[in-house]
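Comments concern the structure below.
The numbers here are math on the coordinates, done by the rules we state, and not lab data. Please read all numbers here as calculations on a predicted model, not as lab measurements. As a convention, Cβ positions derive from the backbone with ideal geometry for all residues, glycine included, and neighbour counts pool all protein chains shown.
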Amino acid sequence: MPRTGACPRPGWIGVTNPQPGGHLPWASLQGEICLANNAPLATIDQARIAVIGLGYVGLPLAVEFGKRFPTVGFDIDAARVAELNAHHDHTREVTADGLREATLLTCASDASSLAGCNVFIVTVPTPIDDYKRPDLRPLESASRTVGGAISRGGIVIYESTVYPGATEEVCIPIVERESKLAFNRDFYAGYSPERINPGDPQHRLETIMKVTSGSTPEAAEFVNGLYGQIIKAGTHKASSIRVAEAAKVIENIQRDVNIALINELALIFHRLDIDTHEVLEAAGTKWNFLPFRPGLVGGHCIGVDPYYLTHKAQQIGYHADMILAGRRINDGMGSHVARRVVKLMRQRNQDMTRSRVLILGLAFKENCPDLRNTRVIDIVRELRSYNAHVDVHDPWVNAERARDEYGVELIADPAVGHYDAVVLAVAHDEFVAMGAERIRSLGAPGAILFDVKRALPRASVDGCL
Ligand SMILES: NC(=O)c1ccc[n+]([C@@H]2O[C@H](COP(=O)([O-])OP(=O)(O)OC[C@H]3O[C@@H](n4cnc5c(N)ncnc54)[C@H](O)[C@@H]3O)[C@@H](O)[C@H]2O)c1
C-alpha cells in the first residue's frame, strides 16, 4: 500500500517495506526509484545509551541503565553533573552507593560526550509559563542536542510528560533538521512516560510497569525490549506514540480532577460544619468509593500536566471545562487554608499585624526536598497579606533553593512557645513523629494549630482540611 514517507527527497512516496530493515522502494511521482536503505536499529545488547536531563526522572533511569549498558548521563547544569560525579544526589532519589553501582555510567555536561551513543532518552522538564501554557523550550533544546549527536540507526525516546502529538509534531522535526537525517528511515523514535513517585520507597523505577511505544513496529519492539531489561514490573506496549503520550497525561489529570472533587466537598462540608474526613471514612466503606483526600496539589506533575492537554484541546477548538475547573479549585486551596487560620486567630482576638505564624513544611509533598510548584507558598503569601509575620521550617528543603525560588528564608530551629499559630502543611515523617503536643509547644499559650494534612489526631488540633 503506498504511503508518504521519509524519503530524502520531498514529494516522493514510499511503499510499505516487505522486509523489515531492508530496502524501501521509494518512488518519485515521475517514476524514479530511490534505493535508500532503512537504517537498521541496533540490537539491544549494542545499545549505547544517553540520558538527556539528570533530574528526578533522568537520574534513576541513567543509574539503572548504567548498571547494564554503556550510558552517558548528560545535563546542561554543570553543577548537577559535578555533584553526581562526586556521588551525591541532592534530590535524594539515588544513594551514593547506588551511584557507585552504575559502573557503566558517566555524567557530563559537554555535548561531545554523546558521540557514539545510539539510544537517546530525553527526560527534561516540561513546565508551564506564566500564562499556564506549555513551555516546550527544554524539550526543543534537548531535541537540538539529540539532533547534533544522533546518527543513522539511532533512536530517540522521549520520557517527558507532554500532550498527544508533541513528540512527532514538535520534537522530531527538530531532530530531523539538526541531524539532516530522515525520520523512520535513518532514525526512529519512541515515547515511554515516567511514572516514578519521588519520596516513595515502594514505587521505584523498576517496580512500576512502564508504558512503551515506537514510531515503527520495529522501534516499538526495540523500546519495549530495552526497558524490559531494567523494569521488573513489566512493560505495556502502546499502539502508538500518541496513545502513550495521552495515557501519561491523563494519569495525572485523573488524580487532579479527583482531588479537586474532594477539595470542593471539603469546602462545602466546612461550611456545613461537617468533618470531611469522617464523611470520607464512612463513604469509603463502599467497595467502589475512591480513597482521595483533600489537600494542596503542587509539584511538577499533577498541577502542571493538565494544562498540556487543555492547551492541545484548545488548539483543536475544544474548551476543557471540567479539567480546568479542577485546576481552579485545587489552586485555591492554599488561600483557603490561610483564611481559615486567620479566622481562627481572630476568633481568639489575636492581632494579625503583630502575629507570628509558623509553617511546618515547604516542599510540595512529604519526605521529599522538591520545591517545584509547591502550593504551601500560597499559604505563606496569603498570611503575609494579612501582615502576619510568617516563619517557614522544612528540614528536607535546601535553604538556598527556598530563597532563590520563593524568597523564603527558612528557619532551622523554630523557637519554642513563640508562635500565635502553627500550620502543619507537609506531613514529613519528622513532623508526624513530633506529635501534636510537641508541635503545639512551639506556639504560645492559646496558639492555633492547623493540620492541612490531617496527620495529627483531630481532637488535638484547632482546624484541618
Ligand atoms: N518528578 C516526577 O515525579 C516526574 C514523574 C513522572 C514524569 N515526570 C516528567 O519527567 C520530566 C522530567 O521531570 P524531572 O522531575 O526529572 O525534572 P527535573 O527538573 O528534576 O530534571 C530535569 C533535568 O533536566 C536538565 N535539563 C533541562 N534542560 C536540559 C537540556 N536542554 N539538556 C539537558 N539537560 C537539561 C535540568 O538541568 C535538570 O537537571 C518532566 O516532563 C516531568 O513532567 C516527572
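Observations on the structure shown:
- Peptide packing: for 390-400, 296-306, the average count of neighbouring Cβ atoms within 10 Å per residue gives the ranking 296-306, 390-400, highest mean first.
- In summary, the lysines within cross-link reach of K237, defined as a Cα separation below 27 angstrom excluding same-chain residues under 8 places away, comprise K67, K210, K248, K312.
- DSSP-assigned coil residues among chymotrypsin sites (Phe, Trp or Tyr not before Pro) in the range 71-170, each with at most 15 further Cβ atoms within 10 Å: Y131
- Size of the chain as Cα extents on the principal axes (Å, biggest first): 88, 49, 40
- Cross-link partners of K180 among aspartates and glutamates (Cα-Cα below 19 Å; sequence separation of 8 or more within a chain): E140, E168, E169
- The phi torsions of the range 176-183, fed into the Karplus equation with coefficients 6.51, -1.76 and 1.60 and a -60° offset, translate into couplings of 4, 5, 6, 8, 6, 10, 9, 5 Hz, rounded to whole numbers, with Gly and Pro shown as x.
- Helix 241-271 vs. the chain, principal-axis angle (Cα, 0 to 90°, nearest 10): 10 degrees
- Annotation for the range 209-248: trypsin sites (Lys or Arg not before Pro) lying in DSSP loop with at most 16 further Cβ atoms inside 10 Å of their Cβ are K232.
- Rounded to 10°, Cα long-axis angle of helix 333-347 versus longest principal axis of the chain: 10 degrees
- The trypsin sites (Lys or Arg not before Pro) of the range 254-305 that DSSP puts in a loop, and whose beta carbon has at most 11 other beta carbons within 10 Å, are K286.
- The range 332-464: C-alpha pair distances exceeding 23 Å, %: 22 percent
- Taking Cα atoms only, the orientation of helix 321-331 departs from the longest principal axis of the chain by about 50 degrees.
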